[in-house]
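**Student:** Here's a structure for you.
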Amino acid sequence: MVKDDESLLKEYLKGDEKAFSMIIEKYEGKLLNFFYKMCRDGELAKDFTQEVFLRFINGAKNLRGESSIGTWLFRVATNILIDHKRKFNPPKIDIDESDASVSSKAEYLIEKRELKDEILKAIKKLPDAQQNALMLFYYEGNSLEEIGKILNCSLQNVKNHLFRAKINLAQILKEGKNGV
Amino acid sequence: MECEKFEKFIFENPEATTLNGQFSQHIKECEKCEKLWEIQNEFAEFRLDQSKINLPLKTKSYLLRIAKNRSFEKFSRIEFIEDTFIFAIVVSTVLTGIVASFYQIVLNGGMQNRYIKMLFDFIKDNFSNFATSFSSLLGKESFVFLISVFLITFSLSFFFRVLNSEKKNIFSF
């Protein structure tokens, strides 16, 4: 039986090991996918996912009031990635300009990676409701109706949060580029 | 006008990853909408791939072990206080019972030892109310005595257990 996050958290805080096992089952794949897409390194993705769960073990009691365990885990995941990128700058890729196709592909990949990093940092500047909506919809893969139930708001409101989040992100990225 | 239509499309279709010809043309001409589309695509990529991958079993058992230890520590703290509480209740009840019975014996003339008699005569002379009331287990002084012994026993046993405990981490909340 699939339990909701609230009851899983309650049971875990009471000391139920099965609840923790179910939390891992529910989120390990999503977190691994998230980390893998963000850093393209399978081993690093595993280490980061483990780190997220370790932080959950130590900080679960502070989770009361969060909309879902997932939003908390992804918030932690974002922090871990930002810290990691701060400590280890990605290696520079030498582009062989004589090969036009390789050069344009490499440029594209670099741009994609930069955009990913910029979005990651910019998410932290969004209001909580917009951050939660983004994480629940894109990272966790919930439907709009499910998010409405979790965030206790209407379908239109969920769409609005998602839309405003993307508009705000575009604005933050533009300001970043213009050095505002 | 095109921007409005495009934004409405993004609003209504947060998981869209393809555009029709009209919108494709529009994002080539409008930088703002192009950025919005780029961001939508970045996120939609996560939603598209919800393939089920798992952590290695070794990592999972490590995490479960850590969680179990954490939970054990938490419950040891509760047990520690519970044990001390039960110990104090037992000690204070037994002690109160002994003292009250002792009084009964002395008051009924059952205690012949002259030194003990002298001691109780002294108490009776100086603390007559206390002595009379203590002759019954339900007396007010018995209750005060019980509470005092309980508090003293609880505090002392808690203090000494903390000093001597191997579980030094009981305060590491």
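**Student:** Pop the C-beta distance of residue B:118 and residue B:89 into the FRET formula with R0 = 41 Å and round what comes out to the nearest 0.05.
**Tutor:** 0.80
**Student:** Still on this model: Could you work out, residue by residue across A:48-61, how many beta carbons of other chains sit within 10 Å of that residue's beta carbon, and then give the average as an integer?
**Tutor:** 3
**Student:** Please give the average number of partner chain Cβ atoms lying within 10 Å of the Cβ of each residue in A:164-173, rounded to a whole number. Numbers along the way, then the final one.
**Tutor:** Working: counts 1, 3, 12, 7, 1, 7, 10, 3, 0, 3.
Taking all residues of A:164-173 together, the mean is 5.
**Student:** Moving on. Using θ = phi - 60° and the Karplus form 6.51 cos²θ - 1.76 cosθ + 1.60, what ³J(HN,Hα) does each residue of segment B:87-103 get, whole Hz, x for Gly and Pro?
**Tutor:** Along segment B:87-103, the couplings run 4, 5, 5, 4, 4, 5, 5, 4, 5, 5, x, 4, 5, 5, 5, 4, 4 Hz.
**Student:** Using only atoms on other chains, find how many Cβ atoms lie within 10 Å of each Cβ of peptide B:10-17 and report the average.
**Tutor:** 4
**Student:** Taking 41 Å as R0, compute the FRET efficiency from the Cβ-Cβ separation of residue B:157 and residue A:14 and round it to 0.05.
**Tutor:** 0.90
**Student:** Using a cut-off of under 13 Å, list every residue of segment A:39-65 whose amide N is near the label point 7 Å from the Cα of residue A:113 along the Cα-to-beta-carbon line.
**Tutor:** Residues A:39-41 fall inside that zone.
**Student:** Sticking with this structure for a sec: Give the peptides B:17-25, A:22-30, B:152-160 in descending order of average Cβ contacts within 10 Å, highest first.
**Tutor:** A:22-30, B:152-160, B:17-25
Computed from the coordinates by the stated procedures, all read-outs in this text should not be read as laboratory data. Since this is a predicted model, take the numbers as computed values, not measurements. For neighbour counting, all protein chains shown are included, and Cβ atoms are generated from backbone atoms with ideal geometry for every residue, glycine included.
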